[in-house]
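Rule-based calculations on the coordinates, nothing more; no lab input. In this text, all values refer to a predicted model and were calculated from it rather than measured experimentally. Don't worry about glycine lacking a Cβ; one is built from the backbone with ideal geometry, like all the others, and counts go over all protein chains shown.
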Amino acid sequence: MEVVIKESYEQMSALGAEIVARIVRNKPRSVLGLATGSTPLGIYRELIRMHKDEGLSFFQVVTFNLDEYIGLPPEHPQSYRYFINQNLLDHINVKKENTYLPDGMAENIELACIEYEKKIEEAGGIDLQILGIGSNGHIAFNEPGSSLGSRTRIETLSEETIQNNSRFFPCRENVPRHAITMGIGTIMDARELILLANGEEKAGAVASMIEGPITAMVPATVVQLHRKTTVIVERAAAGRLSRCYPGELQVIRMNRDTK
Ligand code: F6R
């Protein structure tokens, strides 16, 4: 795991976008794993800029989102399909038919989950997965207690997640209680991960993820085991790390393979 601490949200996002752009330039048919939420918005803005100003092409790219609420149709402004279209996909030259999210409206959710896994496999697996982290340490909607080997499935959202996500809804009661999420095992299969965190409210989860023991009670700790992970943290979110971090770039733990 490489941990990079940046001074600002903008710098964090710029580095994240650089990593995505590197992958897409090296492999035009890349498979990207996308996240929603506030954290990756800066990356998406920068990727849109790179597409418009620098000709970064997503024409052959395939995308898979981490998760989707159950019961919200794609045209619902709080659905993750709506979010990712609005904040990224509508502004780049990706083919919409190559962009996937779990089907939160499926009649047979279990089957939809199996099919999502199959689609990822058929696409050749995810080259780069973008992740945020919940203040309770969740990744995607894998809440504390999720099996570290889990695959795409239905998950009940924790009270903390419902509370955090209520900022996007008219009131707390409108936040769906269930979602389909890639599992932790699904995420760990990606060939590369970038995990971003900003804001003081993430500082506890970030400290556990980087310095704590690996535990299903803090699902993000599993990324310590991934062979190619870059954690990019803005200074406030790095505030509870106990080790000394002089300078801006600090590689605190390397468990990359030697390829
Ligand atoms: C979103 C997702 C979630 C978020 C996390 C942080 O697709 O999978 O795990 O990454 O809840 O959300 P924000 O970025 O809004 O703080």
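Observations, loosely collected:
- With contacts taken as Cα pairs under 8 Å at a separation of at least 6 residues, the stretch 139-240 carries a relative contact order of 33 percent.
- Exposure proxy order (Cβ contacts within 10 Å, fewest to most) of MET12, MET217, MET188: MET217, MET188, MET12
- Computed from point charges on the beta carbon alone (+1 for Lys and Arg, -1 for Asp and Glu), the dipole magnitude for the stretch 1-134 about its Cα centre is near 500 Debye.
- Reported to the nearest whole Å, the Cα centre-to-centre distance from the stretch 203-246 to the stretch 149-197 is 18.
- Aspartates and glutamates with Cα under 13 Å of LYS52, excluding same-chain neighbours fewer than 8 positions away: ASP90
- Overall dimensions of the stretch 1-89, expressed as equivalent-ellipsoid semi-axes from the Cα gyration tensor (√(5λ), whole Å, largest first), are 22, 17, 13.
- Taking other C-beta atoms within 10 angstrom as a stand-in for reagent exposure, GLU143, GLU2 fall in the order GLU2, GLU143, fewest first.
- Over the chain, the alpha carbon radius of gyration divided by the compact-protein estimate 2.2 N^0.38 Å works out to 0.94.
- Amide H contacts of ILE232: VAL4, LEU195, LEU196, ALA197, each under 5 Å away and 5 or more positions distant or on a separate chain (H built 1.01 Å from N in the peptide plane; Pro and chain starts excluded).
- Ignoring aspartates and glutamates fewer than eight residues from LYS228 along the same chain, the ones with Cα atoms less than 14 angstrom from its Cα are GLU2, ASP127, ASP189, GLU192, ASP257.
- Kyte-Doolittle mean at least 1.6 and Cα axial length at least 18 Å: DSSP H helices in the chain: none
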